[in-house]
Amino acid sequence: MPLILFAAPSLWPEYRDALPAALAEAGVDDATLVTEADPAKVDYIVYAPASPLRDFTPYTRTKAVLNLWAGVERIVGNATLTQPLARMVDPGLTEGMVEWVVGHTLRHHLGMDRHIVNPGRVWDPTCPPLARERPVTMLGMGALGAACANALRALHFPVTGWSRTEKPGQLHGEHGLRKALSSAQILIALLPKTPETENILNADRLALLPKGAVILNPGRGPLIDDSALLAALNRGHIGHATLDVFRVEPLPQDHPYWSHPRVTVTPHIAADTRAFTASRVIAENIRRGETGEPFLHLVDRVRGY
Ligand code: NDP
Ligand code: OXD
C-alpha cells in the first residue's frame, strides 16, 4: 500500500525513519512510504501545503490527504481535492506553541526588555503585577489556543477564551469578541485563516483594547489589518506586537514591521510539526482508514478549518 510524502526534501529523512516505525506500532504492516509513485496507485497522501502538488485529480484511489500542518488555508478550497482532508493535531506542535506563547507572554508581563537592554543603567525597582492581575484574551480555543490558555491559567493569568461556537466558560459572537477585547492586556490570536477571520483585528476592534495592550499573533498574518495595527502602535494605543506570521512570508525586507521599535518579528517558528510525534498521528489515521473507522481531525471544507 503506497503512501506518498509531498513535503520539502529536507523532511524526507525524518519521515523515512519515523513514519514506518509509527505505522508498525499502529499495526499497519503493508504500507510503503515513497516520494514518487503512479498517482493512480497511491492510497494516502501525506501533504505539506508548501509542496507543489495542486492537482489531486489523478489520485483516484487515494483514501485521504493527511496534512502535515495545523493550518489548511492553502488547500481547503482546492476544488480538485475530493478526498477527506485531515489536519495536523500533533502533541509536538502543541508543546512548541505553548512554549512560544508562554515565553512571549511572560516577556511582556514581566517587562523583561527594560532590564535586558538598559544602557542608562536605570535602577527602577518597580515590580510587575502578578499574573493573576494581568488579563489575557485568547482568540481561538482549538487544539492550540486551549492548550496555551491552560498553560497560562496554570500560571494564574485570568484567560478569557473566544471562539466561533458557544461553549461553557467561553465567549463567542460579536458581542463576546468586543467584551473579550475590552479586557485584554495581552491578546493572543490563535485563529485559523478563513474568510470570517481575515482582518478580524481591524481598526475598530483594535480600538477596543485597553491602552498599552500587547498583541501576540502566532495564528496567521491576515488575521490582522497591518495598516490599522501600525497606526495603533504609532499612536501608542497598542504597546507592542509580537508577530510570528505574515501575509507574505518571508516578511519582505522593506516591511515597516522590521524596523518598528514596538514590533517583534519571529519568522514563523512558533510551532513546528515534529516527525516523531506527527508520524503517530498520521499512522493512527491510516490505521483508521484501513479498518473503516472515522478519520481523526477532519477538516470541515465549508467552515474552512
Ligand atoms: P483548531 O481548528 O483546533 O482551532 C481553531 C479555533 O479557532 C477554534 O476554537 C475555532 O472555534 C476558532 N475559530 C475558527 N473560526 C472562527 C471564527 N470565525 N470566529 C471565532 N472563532 C473561530 O486550530 P488549531 O488550534 O490547531 O490551530 C490554530 C491556527 O494556528 C492554525 O489554523 C494555524 O493558522 C496556526 N498555527 C500557527 C503555527 C505557527 O508556527 N505560527 C503552527 C501551527 C498552527 P470553534 O472551537 O468554535 O470551532
Ligand atoms: C501550521 C504552521 O499550520 O506551521 O502547522 O503554521
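Scanning region 135-150 for residues that are under 20 Å from R205 (Cα atoms), without any contact (Cβ under 8 Å) to a residue 60 or more places away in the chain and not in a loop (DSSP other than H, G, I, E, B) returns V136, T137, M138, G145.
This table checks each residue for (1) over 22 Å from P195 (Cβ atoms); (2) of a type in the set (V, I, T); (3) more than 16 Å from ligand 1 (Cβ to nearest atom); (4) crowded, with 16+ Cβ neighbours inside 10 Å.
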position	(1), (2), (3), (4)
D43	yes, no, yes, yes
P52	yes, no, yes, no
D55	yes, no, yes, no
P58	yes, no, yes, no
W100	yes, no, no, yes
M112	yes, no, yes, no
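When the residues of region 38-61 are filtered to those that are under 27 Å from the mean Cα position of the chain (by Cα) and away from ligand 2 (no atom under 16 Å from the Cβ), the one that is modelled with the lowest pLDDT is P52. When restricted to residues that are in contact with a strand residue (DSSP E or B) (Cβ under 8 Å, 6 or more places away or on another chain) and within 16 Å of ligand 1 (Cβ to nearest atom), region 247-262 contains 2.
Working only within region 158-170, note down all residues that are within 10 Å of ligand 1 (Cβ to nearest atom) and not in a loop (DSSP other than H, G, I, E, B). Result: G161, W162, S163. Selection of region 18-31 for residues being modelled with pLDDT of 95 or more and not small (G, A, S) yields L19, P20, L23, E25, V28. Let me spell it out: the conditions are (1) in contact with a strand residue (DSSP E or B) (Cβ under 6 Å, 6 or more places away or on another chain); (2) surrounded by fewer than 22 Cβ atoms within 10 Å (Cβ to Cβ), and A79 meets all of them except one. Which number is the exception? Going through (1) in contact with a strand residue (DSSP E or B) (Cβ under 6 Å, 6 or more places away or on another chain); (2) surrounded by fewer than 22 Cβ atoms within 10 Å (Cβ to Cβ) one by one, A79 breaks only (1). A search for C-beta distances below 8 Å between a residue of region 8-23 that is in contact (Cβ under 8 Å) with a residue 24 or more places away in the chain and any residue that is acidic (D, E), counting only pairs 6+ apart in sequence or on different chains, returns L23/D29. Scanning region 236-245 for any residue that is within 16 Å of ligand 1 (Cβ to nearest atom), assigned by TED's automatic domain parsing to the domain that holds L144, in contact with a Leu (Cβ under 7 Å, 6 or more places away or on another chain) and closer than 25 Å to P129 by Cα turns up at least one such residue.
In region 171-201, what residues are in a loop (DSSP other than H, G, I, E, B) and in contact with a helix residue (DSSP H, G or I) (Cβ under 8 Å, 6 or more places away or on another chain)? If the condition is that a residue be in a loop (DSSP other than H, G, I, E, B) and in contact with a helix residue (DSSP H, G or I) (Cβ under 8 Å, 6 or more places away or on another chain), then L190, L191, K193, T197, E198, N199, I200 are the ones that fit.
Between R132, R153, the distinction of being part of a helix (DSSP H, G or I), free of Cβ contacts under 8 Å to residues at least 12 places away in the same chain, in the same structural domain as L201 (by TED's automatic domain parsing) and of a type in the set (D, E, K, R) belongs to R153 only. Within region 249-278, if we keep just the residues that are free of Cβ contacts under 8 Å to residues at least 40 places away in the same chain and within 15 Å of ligand 2 (Cβ to nearest atom), the residue that is nearest to P91 (Cα to Cα) turns out to be H268. Checking each residue in region 33-87 for being touching a helix residue (DSSP H, G or I) at 6+ places or on another chain (Cβ under 7 Å), free of Cβ contacts under 8 Å to residues at least 24 places away in the same chain and of a type in the set (D, E, K, R) picks out only R61.
So which of A207, A203, A213, A231 ends up being of a type in the set (G, A, S), without any contact (Cβ under 8 Å) to a residue 40 or more places away in the chain and buried (at least 21 other Cβ atoms within 10 Å of the Cβ)?
A213
The values are calculated or read from the model by the stated rules, or taken from the named source; none is laboratory data. The structure displayed is predicted, hence computed values, not measured ones. Cβ coordinates were reconstructed from backbone atoms using ideal geometry, including for glycine residues, and neighbour counts include every protein chain displayed.
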